[in-house]
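Single-structure report; data block below.
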Amino acid sequence: MQTTMTPVCPAALGMPFQDVDTPALLLDLPAFERNLAKMAAAARQAGVALRPHAKSHKSPDIAHRQIAGGAVGVCCQKVSEAEAMIVGGVRDILVSNEIVGTVKLNRLARLACTGHMSVCGDDPNNVADLSAAMVRHSVTVDVLVELNVGARRCGVPPGEPALELARMVARSPGLRFAGLQGYCGTAQHIADYQERKRAIDHAIAQCRITRELLASNGLECRTITGGGTGSYEMEAASAVYTEVQPGSYIFMDAAYARNRSKDGSPFRDFDHSLFVYSTIMSTATRDAPVLDAGLKAIGVDAGMPRIWDLSGAQYLRASDEHGTLQLPPGTHVKLGEKLRLVTGNCDPTVNLHDWFVAVRDGRVTELWPITGRGAGL
């Protein structure tokens, strides 16, 4: 007999945040709200649309707050993430990725019956399959031709290859050519500002050249989208991009904090709002106590987390259920003491949890399920 378990919530509304069970994902609401407002204001001032990336939070609750602040919709990276957004009432979604396979394309088509869907393409065979799926379901989706603007991941070369694919999209039933995606993901964590800017300037130039070629052939780019937390200002100021799609800005992880601003100072556009809350579960080795947040609670692909509450302490290593600390001389912690950690990369860390425990003035005021957790299909 199959049974399902309801995810255990680590907190209750109104409790002091110190009583939250661990490991848990704490969200500092005032910092989160400042981040929301700052990015919305930056996009508004630059005259570009804001389409935040939901892969960072996987939460319709957060998506609705971003839209209420001025975002036109959200990005998703997977059909299953888009399904979680649609179920949660979000109605304008760009799947900023290539979707391949009949099963996924049929699911994408069904979503287009409910909301406005856009998707990326970089291959003629995929465009043909997209068209066939949309015709089967009597729907139309917008298609953005994805350019390889330097990340060497997905995307056709700029120029003539992009023109040929755009022509195919434009003449395919069930598809509407909507523009270009030019996202340079590899540039987002280039720490040096000038080096990061050179990479983004190259991406901007490739989008501009392709836009002009398309226009000269009668194809209008209504949308040119891309940009992330590390580069959003550059794309927004380009007069080429019409839309930016940052994601991590709402949380501000440790990897982005290692970037540098134009004047060489640390990148501080946004505040740290997301923390993994953890408990000291062992002090058997006094100078190397152990937390209950390991690999199943925090992503370490972008380095070990920062200890927010204990100056000089380092998160030394992670195993499945344990995180071993290194304390500075003369520093001690007690069994049961709780610490906040700043994750290196917020996206995979969020995907390890079921709830956002949102805190204001020291108390839990919101509990948001991470509806799209594990949405990898």
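The values are calculated or read from the model by the stated rules, or taken from the named source; none is laboratory data. All values derive from a computational prediction rather than experimental measurement. When we count neighbours, we look across all protein chains shown, and the Cβ atoms used for this are built from the backbone with ideal geometry, even at glycine.
Based on what the data block shows, is ARG363 among the basic types (Lys, Arg) and touching a Gly at 6+ places or on another chain (Cβ under 9 Å)? It is true that ARG363 is among the basic types (Lys, Arg) and touching a Gly at 6+ places or on another chain (Cβ under 9 Å). With the structure loaded, tell me whether ASP192 is crowded, with 23+ Cβ neighbours inside 10 Å, in contact with a strand residue (DSSP E or B) (Cβ under 8 Å, 6 or more places away or on another chain) and under 30 Å from VAL300 (Cα atoms) or whether it fails that test. The answer is no for ASP192.
Among all positions in region 230-251, there is at least one residue which is crowded, with 18+ Cβ neighbours inside 10 Å, touching a residue at least 40 places away in the same chain (Cβ under 8 Å) and under 30 Å from LEU335 (Cβ atoms). Filter region 307-365 for residues that are of a type in the set (Ser, Thr, Tyr) and farther than 18 Å from ASP271 by Cα; which is surrounded by the most Cβ atoms within 10 Å (Cβ to Cβ)? Looking at the filtered set, the residue picked out is TYR315.
In region 213-228, the residue that is farthest from the chain's Cα centre (by Cα) out of those that are more than 17 Å from GLU164 (Cα to Cα) and among the polar types (S, T, N, Q) is THR223.
The set of residues in region 110-136 that are touching a residue at least 40 places away in the same chain (Cβ under 8 Å) and crowded, with 19+ Cβ neighbours inside 10 Å comprises SER118, CYS120, GLY121, ASP122, VAL127, LEU130, SER131, ALA133, MET134. Scanning region 212-222 for residues that are buried (at least 18 other Cβ atoms within 10 Å of the Cβ) and within 21 Å of HIS202 (Cα to Cα) returns LEU214, CYS221. Inside region 26-46, residues that are in contact (Cβ under 8 Å) with a residue 24 or more places away in the chain, over 15 Å from THR365 (Cβ atoms) and touching a helix residue (DSSP H, G or I) at 6+ places or on another chain (Cβ under 9 Å) make up a count of 8. Considering the conditions (1) over 15 Å from the mean Cα position of the chain (by Cα); (2) in the same structural domain as VAL72 (by TED's automatic domain parsing), SER231 is excluded by exactly one of them, (1). Got at least one residue in region 22-41 being outside any helix (DSSP H, G or I), touching a Gly at 6+ places or on another chain (Cβ under 8 Å) and closer than 30 Å to ALA239 by Cβ? Checking region 22-41: not a single residue is outside any helix (DSSP H, G or I), touching a Gly at 6+ places or on another chain (Cβ under 8 Å) and closer than 30 Å to ALA239 by Cβ.
Evaluating ILE93 against the criteria (1) under 25 Å from PHE275 (Cβ atoms); (2) of a type outside the set (Phe, Trp, Tyr); (3) touching a strand residue (DSSP E or B) at 6+ places or on another chain (Cβ under 8 Å) leaves one unmet condition, (1).
Taking (1) in contact (Cβ under 8 Å) with a residue 40 or more places away in the chain; (2) on the phi < 0 side of the Ramachandran plot in turn, VAL143 satisfies each apart from (1).
This table checks each residue for (1) in contact with a Phe, Trp or Tyr (Cβ under 8 Å, 6 or more places away or on another chain); (2) crowded, with 20+ Cβ neighbours inside 10 Å; (3) outside the structural domain of LEU339 (by TED's automatic domain parsing); (4) not charged (D, E, K, R).
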{"residue": "ALA257", "(1), (2), (3), (4)": "yes, no, yes, yes"}
{"residue": "LYS262", "(1), (2), (3), (4)": "yes, no, yes, no"}
{"residue": "SER278", "(1), (2), (3), (4)": "no, yes, no, yes"}
{"residue": "ALA288", "(1), (2), (3), (4)": "no, no, no, yes"}
{"residue": "ASP292", "(1), (2), (3), (4)": "no, no, no, no"}
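Residues of region 148-159 include at least one that is surrounded by 18 or more Cβ atoms within 10 Å (Cβ to Cβ), under 24 Å from VAL90 (Cβ atoms), in the same structural domain as SER231 (by TED's automatic domain parsing) and touching an Asp or Glu at 6+ places or on another chain (Cβ under 9 Å). Show the residue pairs meeting these rules: Cβ distance below 8 Å; 6+ apart or different chains; first residue within region 148-171 and under 12 Å from LEU214 (Cβ atoms); second residue of a type in the set (Asp, Glu). As it stands, the answer is LEU165/ASP122; LEU165/ASP123, since those pairs meet every condition given.
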